[in-house]
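Working notes, beginning with the structure itself.
The values are calculated or read from the model by the stated rules, or taken from the named source; none is laboratory data. All figures in this text were calculated on a predicted structure; none of them were measured in a lab. Cβ coordinates were reconstructed from backbone atoms using ideal geometry, including for glycine residues, and neighbour counts include every protein chain displayed. Accessible surface areas use protein heavy atoms only, side chains included; no ligands, DNA or RNA. Shrake-Rupley method; radii C 1.70, N 1.55, O 1.52, S 1.80 Å.
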Amino acid sequence: MSLTFALAPTDLSALESDALIIGVYSGEDGATLAPNHLSEDTAEGVSELLEILNVTGSADQLVRLPGVEDSDAGILVLIGLGAPGEDDTERADALRYAAGSAVRQLSDLEEVTFDLPVTTARELEAVAFGATLGSFTEEGLKVKSADSLKPGVQTVLIATELESDSAEEALERGLILGEATNGARTLVNVPPSHLYPETFAEVATELVEDLPDVSARVYDYDQLLEGGFGGIAGVGQGSVRKPALVVLEYRPEGAQHHVALVGKGITFDTGGNSLKPAASMTTMKCDMAGAASVLHSVLAIAELGLPVAVTGYLCLAENMPGGYALRPEDVLTMRDGRTVEVLNTDAEGRLVMADGIALASESQPDVIVDIATLTGAAMAALGLRTAALMGDSEIRTRVLDAGEAAGEDYWPLPLKSYLRSSMNTPVADIANMGERYGSAMVAGLFLREFVGKNDQGERIPWAHLDIAGPAFNEKAPYGYTPKEGTGFGTATLVNFVASYAE
């Protein structure tokens, strides 16, 4: 169930929600209330309680107090905003995080009102986006214990003096971005017993069938073989659940630009015959997070009506060991005719992505962006909350800006040409493995090999997003981020495409 948003008057006496939420800033001299619409006497009274209650204003700190006379809300909630932001981006980040954290932690309530320092449409969108992310709940496959799940917040009121037209638009965009991310989270969390290439393709086609200007085409295993998709077909050949490629096309009237999005969709990754240790398999249902983000970003782009043509490629396979599975030293022929020696079957993501990128290049889009849970090396370098970003400098800048607007963190890595020779092999055009050190960049260089040329004979602008770290949260929830699938990258892709509409 999606959230319902509404604008609320700044006269808090008219509110009857379950909780009134106000912000608290942290500082060297202690916590202070953020600007709000409480009466002066009430604000002073609450301020006097901050030190007594050890309220610091730090991110994720939430304190419940009895309701105040200024409002009929039964509870007054203090939510930490961290240190006051110095610019628009920092303020939007703090509001997004705080709104999401509050909604997540108040899952026992039905209706809440935010009285936060929201003065612009961007800040209002941040609150709506964060609140939607924080509202994420799912039953999963629980049966006997399903009744223990809390329904969560269903209605969010936001006290603001913004004009209604710009405010309503900001609320709608925040909700759409949040629902797209939550949709990707839900897909990532589906167990591999239930989500595999065929069922993923079915979900994708069902989701787009009622959307105007969006169509879907599915390549099954036989069509992959006939079409020369050696990477996708090869990775998936060892599983009884055969691979598939889904192509989603969004073609709005009057579009001046065409963006291609390619997503890795390994619905489960055992490593194949280069078998992973058992402990390394327990999160591998998330290896299709890139494809989930591409799918739901296309849905959001269509729902927003962005005047940009978009093609999404979902490269779907299950990487299993066995007598029919790829072996080390097998050679595959890819979609673009290039041959690849497979030195490690656990480096399968780049194989399916190479076919997707090669196919995307055939339509000569203005830009190609691929997104994948690709390398453990990216996690080792950047941790669990920052994605690696590689590619052409102009496209990297656009991705960084899009990620910043979404509250998603990326760090650019170079693509050093000297690493390319480490993938040389005497038996094929390129190997799927190279230098151990800098292996995240090696993977990026491998993918770049399959980016085609445009009409001018120049390589199509391209960027690679390695989301191996932030795509899945094994630890406790924080802010608006739940345990397990995070949906990371979905909002970035939407914002990235939107930049071509401006």
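Here are the numbers for the structure shown:
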| read-out | value |
| --- | --- |
| Lone qualifier among Ala405, Ala443 - being open to solvent by less than 40 Å² (accessible area, probe 1.4 Å) and either charged (D, E, K, R) or not in a loop (DSSP other than H, G, I, E, B) (or both) | Ala443 |
| Residues that are more than 33 Å from the chain's Cα centre (by Cα) and either open to solvent by less than 70 Å² (accessible area, probe 1.4 Å) or free of Cβ contacts under 8 Å to residues at least 12 places away in the same chain (or both), drawn from the stretch 15-31 | Leu15, Glu28, Asp29, Gly30 |
| Members of the stretch 162-198 found to be among the aliphatic types (A, V, I, L, M), under 30 Å from Ile266 (Cα atoms) and in a loop (DSSP other than H, G, I, E, B), listed by number | Val190, Leu195 |
| First in the stretch 264-280 and closer than 24 Å to Leu295 by Cβ, second anywhere and of a type in the set (Asp, Glu) and open to solvent by 30 Å² or more (accessible area, probe 1.4 Å), Cβ under 9 Å, 6 or more apart | Asp269/Asp346; Thr270/Asp346 |
| Subset of the stretch 331-349 [within 13 Å of Met433 (Cβ to Cβ), open to solvent by less than 30 Å² (accessible area, probe 1.4 Å) and in contact with a Gly (Cβ under 8 Å, 6 or more places away or on another chain)] | Val340, Val342, Thr345, Glu348 |
| When residues of the stretch 162-190 are limited to those that are farther than 16 Å from Pro482 by Cβ, touching a strand residue (DSSP E or B) at 6+ places or on another chain (Cβ under 9 Å) and not charged (D, E, K, R), the one surrounded by the fewest Cβ atoms within 10 Å (Cβ to Cβ) | Ser164 |
| Single match in Ala59, Ala43, Ala94 (criterion: of a type outside the set (Lys, Arg), closer than 23 Å to Gly178 by Cβ and part of a helix (DSSP H, G or I)) | Ala94 |
| Failed item in (1) closer than 15 Å to Gly489 by Cβ; (2) open to solvent by 30 Å² or more (accessible area, probe 1.4 Å); (3) not polar (S, T, N, Q), with Pro414 passing the rest | (1) |
| Of all residues making up the stretch 103-119, the number that are outside any strand (DSSP E or B), among the β-branched types (Val, Ile, Thr) and either free of Cβ contacts under 8 Å to residues at least 24 places away in the same chain or open to solvent by less than 60 Å² (accessible area, probe 1.4 Å) (or both) | 2 |
| Selection within the stretch 222-234 - in a helix (DSSP H, G or I), open to solvent by less than 60 Å² (accessible area, probe 1.4 Å) and within 14 Å of Val247 (Cα to Cα) | Leu224, Ile232 |
| The one condition in (1) within 26 Å of the chain's Cα centre (by Cα); (2) open to solvent by 40 Å² or more (accessible area, probe 1.4 Å); (3) farther than 14 Å from Ile22 by Cα that Asp72 fails to fulfil | (1) |
| Where a residue in the stretch 451-469 is free of Cβ contacts under 8 Å to residues at least 24 places away in the same chain and its partner, wherever it lies, is part of a loop (DSSP other than H, G, I, E, B), with Cβ under 8 Å and at least six apart | Arg459/Val451; Arg459/Gly452 |
| Where a residue in the stretch 384-404 is closer than 17 Å to Ala501 by Cβ and its partner, wherever it lies, is part of a helix (DSSP H, G or I), with Cβ under 7 Å and at least six apart | Arg398/Phe496; Val399/Thr492; Val399/Phe496; Ala402/Thr492; Ala402/Asn495; Ala402/Phe496 |
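This table checks each residue for (1) open to solvent by less than 40 Å² (accessible area, probe 1.4 Å); (2) touching a Ser or Thr at 6+ places or on another chain (Cβ under 8 Å).
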residue	(1), (2)
Tyr418	no, no
Asp429	no, yes
Asp466	yes, yes
Lys475	no, no
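Per-residue answers, yes or no, for (1) surrounded by fewer than 24 Cβ atoms within 10 Å (Cβ to Cβ); (2) touching a strand residue (DSSP E or B) at 6+ places or on another chain (Cβ under 8 Å):
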| position | (1), (2) |
| --- | --- |
| Ala255 | yes, yes |
| Gly265 | no, yes |
| Asp269 | no, yes |
| Asn273 | yes, no |
| Met281 | yes, yes |
| Met284 | yes, yes |
| Ala291 | no, yes |
| Val294 | no, yes |
| Leu316 | no, yes |
